[in-house]
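Asks: Below are the structure tokens for one structure; questions will follow.
All of the numbers you see were taken from the coordinates with simple rules; none came from a lab. These figures come from a predicted structure and were not determined experimentally. Neighbour counts run over all protein chains shown; Cβ positions are idealised from the backbone, glycine included.
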Amino acid sequence: MDIQPDQITNYADKFINVLIDYSPKLISALLILFVGLYAIRLINRIIRKIMIKRNLDPTLTKFLADILLWALRILLFVTFISKLGIETSSFVAILGAMGLAVGLSLQGSLSNFAGGMLIILFKPFKVGDTIEAQGVIATVSEIQIFVTKLLTANNQTVFVPNGALSNGNIINYSMQGERRADLTFAISYDSDIKKAKDILLDVLNKNPKVLKNPAPEVFVKNLTSSAIEFAVRPWAKNENFGAVFTETLENCKTALDQAGIDVQPFTIGASKNL
């Protein structure tokens, strides 16, 4: 089919007329988009500062700020397409259908979102706490909408889904502020029990990081076929727990050796988190 020059000119004129007629809507929509994005960042920053100033929990502050950010972005997007002349009622219906389909395919993600809400509301832990959950012992670095970010003692970052986290067992080592190290020392049957007990207790009392209240404990835990087992239980602040654990092991072994007490070739530490 031959295209006449008059047809090309006619199509070009129509295109230019449509572009001229539509350009105010396009320009205003783009202006709303860019101004809206800047305003959202500004509002989000202000809201964060207000919540921080009011000493709101850091975990709750970030969580609420993230939800507000996405809500404002969705509102801006609806305003943007409405300004372009697209019927929002039809778009909302399409969006609803898409949301249902996406929701059915992303049930795990919705479960993680609900889990995040439960964590925020009931606060089994907060940012900075050391917890044990889902086979991981680590410090809570960040609670996000779908996952919780953990940092292990060897500086590895672990992301745990909030759904699994909220439905599983959680051990919070930081909630009470103080922890007890449960250690076991084994000595031979030829050793003086009272002397060994006094030495172990003296080691605990001389360590300034060991708390006086609750008082440290040393007692005979078990009589095995080859050794006498002593339970050694010092208390410490959370921030000093690792140091107390390792210092107690070292100092008790050194003190028993200096006293000539035969330490059996195994020592059991009942804590996994240093």
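Asks: Taking neighbour Cβ counts within 10 Å as the exposure measure, how do PHE125, PHE185 sort from fewest upward?
Replies: PHE125, PHE185
Asks: Here is a follow-up. Name the lysines eligible as straight-distance cross-link partners of LYS212: C-alpha to C-alpha under 20 Å, and not fewer than 8 places from it in the same chain.
Replies: Answer for LYS212, where 20 Å is the Cα cut-off: LYS197, LYS237, listed by chain and number.
Asks: GLN264's amide H: which non-local residues (gap 5+, or another chain) put their own amide H closer than 5 Å, with H modeled 1.01 Å from N in plane and none for Pro or chain starts?
Replies: ALA186, ILE187, SER188
Asks: At a Förster distance of 25 Å, what's the computed FRET efficiency of GLN258 paired with SER226, Cβ-Cβ distance as r, to 0.05?
Replies: Once the sixth-power term is evaluated, E becomes 0.65.
Asks: Treat the count of other C-beta atoms within 10 Å as a stand-in for reagent exposure and order TRP70, TRP235 from fewest to most.
Replies: Exposure proxy ranking, most exposed first: TRP70, TRP235.
Asks: Rg and Dmax in Å for region 178-269, alpha carbons only: what are they?
Replies: In Å, with Rg to one decimal and Dmax whole: 12.4, 38.
Asks: Which percent of Cα-Cα pairs in region 122-172 sits in each 5 Å bin, short to long?
Replies: The distribution over region 122-172 is 5, 23, 39, 27, 6, 1, given as percents.
Asks: Can you tell me which lysines have their Cα less than 26 Å from the Cα of LYS49? Leave out same-chain residues fewer than eight positions away.
Replies: LYS62, LYS123, LYS126, LYS149
Asks: Using 0.36 nm per residue, how much length does the chain from LYS194 to VAL127 gain when fully extended, once their Cα-Cα distance is taken away?
Replies: Here the segment from LYS194 to VAL127 would lengthen by 19.6 nm.
Asks: Another question about this same structure. Loop only by DSSP, 12 or fewer other Cβ within 10 Å of the Cβ. Give me the trypsin sites (Lys or Arg not before Pro) in region 186-258 that pass, ordered by residue number.
Replies: Qualifying residues, ordered by number: LYS212.
Asks: When LEU110, LEU33 are ordered from fewest to most other Cβ atoms inside 10 Å of their Cβ, what list results?
Replies: Lowest count first: LEU110, LEU33.
Asks: Continuing with the same structure: Compute the distance in nm between two label points, each set 7 Å from the Cα along the Cα-to-Cβ direction, one at ASN172 and one at TRP70.
Replies: Once both label points are built, they end up 2.4 nm from each other.
Asks: I need the calculated FRET efficiency for the pair ASN238 and LEU42, taking r as the beta carbon distance and R₀ as 51 Å, to the nearest 0.05.
Replies: With a Förster radius of 51 Å, E is 0.85.
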